[in-house]
Amino acid sequence: MPFISKIERQSDYGSFNSSHPIVIDNGASYFRIGWAGENEPRVIFRNIVQRPRHKTTGETVTVVGDHNPALLKYFDCTRSGPRSAFESNVVYQFEIMEYILDFGFDRLGADQSQIDHPILITECACNPVQSRGKMAELLFESYGVPSVAFGVDAAFSYKYNQQLGICNDTGLAITSGFTTSHVIPFINGEPVYEVCCRTNVGGYHVTDYLKQLLSLKYPHHISKLTWERIEELKMEHCYIAADYASEVQLFQRGNKEAEDKTRCWQLPWTPSPVEEPPSEEEIARKAALKEKQSQRLREMAEAKRSSKINELENELKGLEFLLEELKDIEEDDEIVSFLASRGYASKREVESAFAKVTQSLRKAKGEQVPSEEKVDISAAEKYYLIDIPDDELSAEQLKEKRRQVFLKSTTEARQRAKQRRLEEELEKEKEKKLEEQKRMENPERYLEQLRAKYKELSEKLEQRKRLKTNGNHANGNTNVSGGVGRGERLNAAQRERMRLLTTAAFDRGKGEDTFGQRDEDWQLYKLMSRDNDDDDDDKPDHDETELARISSRLREIDPTFFPGSESGASASEAPRFCPLTKEDFQIILGVERFRCPEVLFNPNFIGIDQSGLDEMVGVSLRRLPSWVQGLEDKMTSSILVTGGSCLYPGMGERLEAGIRMIRPCGTPIKVVRATDPIMDAWRGASVYAAAMQFPQQTFSRTDYYEKGEDWFRRYKFKYTI
């Protein structure tokens, strides 16, 4: 930053005698204090106070000036922000001012409660008498200073540059500070406050405007846009445009000149790690690991196969032994009872199981199974008890018959469902081939028809959803109460069910509840139960299925299609993850470079209905006495620009062009900038306080006790001594 704080405590306070004055430049932005006759102030810090609480102990501390982020991390600063003693460049908060003076005197090296040196302190032009009186009371009562003098900072800067030969004794001083800007005419080296002009716009408003613009432009980087950083950007990159409208048009065209005037602030950014291709050693290591895992899986598969072969062989041996035992039994009744004890119903079932186990064993061993050996049991053999009458069967056979009937019915149902699915798949495949044929014949027309159908189905489903939620209100029909009844959200089957329930309740609600005693009651119950099946809330809707199919088809053939759009023909792309790049962490300063300082000439940009700097010059010149010939020309031929907000490049040229627009043709206009717009006010006060005639301009503590603060109304500081 161009403003560097100096808060080191001085050690030579005792080497100055009590008659040596102390010079204080009490600006709204920075506080400067030092000894008269020196060229630089000893202590400089920001004119703010902050009182945060310690996060652990809860103790409140006072922080004056620039805070140290390393120390403030231990304090809770959310409830106590930076506070200033100034309001529109006038001191009103003297409690805060006392903290600032305490810190300033302590840094200067004062080790006593009393300050026994005369003080020259700056103030704004036309400072209210109440503010000046309170400041004198604070210095006399709290610090016991022997005498005080008050001077305007812009006047000290003008007189200092006059001594250097930069400006004349008659001229204009244009000072733009932190919160206000002034135009002060000088005649024969003395300021004429009766014709001066002031506007409540300064560097604070420029910084705040720039912070607002960048926060709106880059909301995701708002934590980086601190006040201190915005101040740095303002002083490093902002400038005054010679012609604001032409400069805006230049950036609107976006040509090479506009690109050259654009500045970029790169925020801290760490690029995403780039995956490097694996080395040969890494590839070999992964291949060896994969081979090891494959070998382990093969061993597990081989062990499982061997276990299965052993189980099948044992089962096959058991079936062979069972068939051998059946050969020794001749009676049919004994065969049935024997098989029933073994869990089989017939000899055919045992033979079928033997054939299946044999086939499975051959498959497990990897042997090829001949097609003629494949066992296919017909339905008559599998369900041999179905056609036999029940009176010819025993109890065990009846139980087996019921099982066979159940198995046959379920098997046939599965086969029918499988057949229906196969037919539906064939039909879908046929429709798909037909659609593909249409698409190949005329792709544009096919895509247009598909989009139109998607739009139609989307609107239909959306309308159905609105009707289901709001009932008839979707068409603008509203009832008296404004509510939506449950009946308006029901479909036809649900409304019919509600009507039946209402009728039943009305017919039987007057006396004893006899519902269910008559046959028609149960018919009504069956009808209501059947209507329950018509509720299609949980069933897949045909339109929704068709919409999903069309959406999937559009995604395949139309890369610009996004199913979230209402029309179905949106050209917006689907949101997808994009890695952050270096450009995502850049703050671009384009029109903001000259748009923000423009508020000094057009305060209406930020909603302040006051004059700009060039207009203020015209106002002050019109207030000058008309009986002095050539005074206005003398004023415009020596215009000094001072203050922290006049450091922008192009300030002098813009002021000269603006003043030339309001002055007659041929008027001599000369705009010069102070040697150091920031420090010249303190240096001018230091030179003035070192003069031998300075004690004559002070106001002593004895005068204060005798005459009171009303005497300040007649107090007038003379700058020519």
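The values are calculated or read from the model by the stated rules, or taken from the named source; none is laboratory data. Since the model is a prediction, treat every value here as computed from it, not as a measurement. Neighbour counts are summed over all protein chains in view; Cβ atoms, including those assigned to glycine, are modelled from backbone coordinates with ideal geometry. Surface accessibility is based on the protein's heavy atoms, side chains included, excluding ligands, DNA and RNA. Shrake-Rupley method; radii C 1.70, N 1.55, O 1.52, S 1.80 Å.
Below, the figures for the structure above:
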{"item": "Boolean, Val628 is surrounded by fewer than 18 Cβ atoms within 10 Å (Cβ to Cβ), assigned to a loop (DSSP other than H, G, I, E, B) and among the β-branched types (Val, Ile, Thr)", "result": "yes"}
{"item": "Residue within region 10-20 that is closer than 23 Å to Pro677 by Cβ and touching a strand residue (DSSP E or B) at 6+ places or on another chain (Cβ under 9 Å) present", "result": "no"}
{"item": "Residues of region 59-74 classified as crowded, with 20+ Cβ neighbours inside 10 Å and in a strand (DSSP E or B), total", "result": "2"}
{"item": "Among the candidates Ile121, Ile115, Ile96, residue that is β-branched (Val, Ile, Thr), at pLDDT 90 or above, surrounded by 16 or more Cβ atoms within 10 Å (Cβ to Cβ) and in a loop (DSSP other than H, G, I, E, B)", "result": "Ile115"}
{"item": "Failed item in (1) farther than 27 Å from Ile100 by Cα; (2) in contact with a Lys or Arg (Cβ under 9 Å, 6 or more places away or on another chain); (3) not in a loop (DSSP other than H, G, I, E, B), with Ala173 passing the rest", "result": "(2)"}
{"item": "Residue ID - most open to solvent (accessible area, probe 1.4 Å), chosen from residues in region 136-148 that are out of contact with any strand residue (DSSP E or B) (no Cβ under 6 Å at 6 or more places or on another chain), part of a helix (DSSP H, G or I) and not hydroxyl-bearing (Ser, Thr, Tyr)", "result": "Glu141"}
{"item": "Any pair with Cβ under 7 angstrom, 6 or more apart, that starts in region 37-58 at a residue that is free of Cβ contacts under 8 Å to residues at least 24 places away in the same chain and surrounded by fewer than 13 Cβ atoms within 10 Å (Cβ to Cβ) and ends at one that is assigned to a loop (DSSP other than H, G, I, E, B) and of a type in the set (Phe, Trp, Tyr)", "result": "His54/Tyr74; Lys55/Tyr74"}
{"item": "All positions within region 281-311 that are of a type in the set (A, V, I, L, M) and open to solvent by 100 Å² or more (accessible area, probe 1.4 Å)", "result": "Leu297, Met300"}
{"item": "Meets criteria (modelled with pLDDT of 90 or more, among the aromatic types (Phe, Trp, Tyr) and touching a Leu at 6+ places or on another chain (Cβ under 8 Å)) for Phe585", "result": "yes"}
{"item": "Output for region 189-224, where each listed residue is among the aliphatic types (A, V, I, L, M) and over 30 Å from Leu631 (Cα atoms)", "result": "Val206, Leu210, Leu213, Leu214, Leu216, Ile222"}
{"item": "Some residue of region 263-280 being within 30 Å of Asp680 (Cβ to Cβ) and open to solvent by less than 90 Å² (accessible area, probe 1.4 Å)", "result": "yes"}
{"item": "Inter-residue pairs, beta-carbon under 6 Å, first under 20 Å from Lys6 (Cβ atoms) and in region 93-115, second open to solvent by 80 Å² or more (accessible area, probe 1.4 Å) and basic (Lys, Arg), 6+ apart", "result": "Arg107/Arg9"}
{"item": "Residue within region 537-558 that is of a type outside the set (Phe, Trp, Tyr), under 30 Å from Leu210 (Cβ atoms) and at pLDDT 60 or above present", "result": "no"}
{"item": "Selection count, region 195-224, where residues are surrounded by 20 or more Cβ atoms within 10 Å (Cβ to Cβ) and in contact with a Lys or Arg (Cβ under 7 Å, 6 or more places away or on another chain)", "result": "3"}
{"item": "Sole exception among (1) within 19 Å of Arg683 (Cα to Cα); (2) touching a strand residue (DSSP E or B) at 6+ places or on another chain (Cβ under 9 Å) for Tyr193, by number", "result": "(1)"}
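Rundown of residues vs (1) in contact with a Gly (Cβ under 9 Å, 6 or more places away or on another chain); (2) not basic (Lys, Arg), yes/no style:
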| site | (1), (2) |
| --- | --- |
| Thr199 | yes, yes |
| Gly203 | yes, yes |
| Leu214 | no, yes |
| Ser223 | no, yes |
| Leu233 | no, yes |
| Asp243 | no, yes |
| Lys256 | no, no |
| Cys264 | no, yes |
| Trp269 | no, yes |
